[in-house]
Amino acid sequence: MTTAIIKPQWSFVTIALMVLGFMFWWPVGLAVLAYIVWGEYLGGSAERAERWVGRQKQWARDCRDRSRNHQRGFANSTGNAAFDDYREEQLKRLDEERRRLDDDIREFHEYMRNLRKARDREEFDRFMADRRTRSQDDRPHDRDHGDGNRQGY
């Protein structure tokens, strides 16, 4: 039997308290939100709260242990040594293939970068040649007026 005045559920009172909590000091609003969402799990009794916290800690330990075992390679052990050896051999082969493909990708990107640089160099040289010919065509030419005097513009 719960005797709490404010029950952990979405009601007008709890939402108003949460909004006011966020307005005055955000940790209070966050605490009210946590109470609304997870308050039923705690159930208002110290024993249930301790059991819930204990389950959460056990879950975190289990996750950590699974992660450690997976990093060591024990997580997927089948119990059959021949199959585990075969799987290890295939995984090594796949890792080598992946490294080879990564090297191929790196070489291809380098090749494409060199092609782009060569194309850019060619376009730049063409631009400079066109610019030189335009500037020579736009320069004023000396005119000979027949009397031996040259006049330029």
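Read-outs: derived from the displayed coordinates by stated rules, not from any lab. Note that the coordinates shown come from a computational prediction; the quantities given were computed from them, not determined experimentally. Quick reminder, even Gly has a Cβ in these numbers, built from the backbone with ideal geometry, and neighbours come from all protein chains shown.
Rounded to the nearest 20 debye, the dipole size of the stretch 80-138 about its Cα centre is 420 debye, using +1 on the Cβ of Lys and Arg and -1 on the Cβ of Asp and Glu. Quick one: if the Förster radius is 22 Å, what FRET efficiency do residue 15 and residue 56 give, using the C-beta to C-beta distance and rounding to 0.05? Using R0 = 22 Å, I get an efficiency of 0.25.
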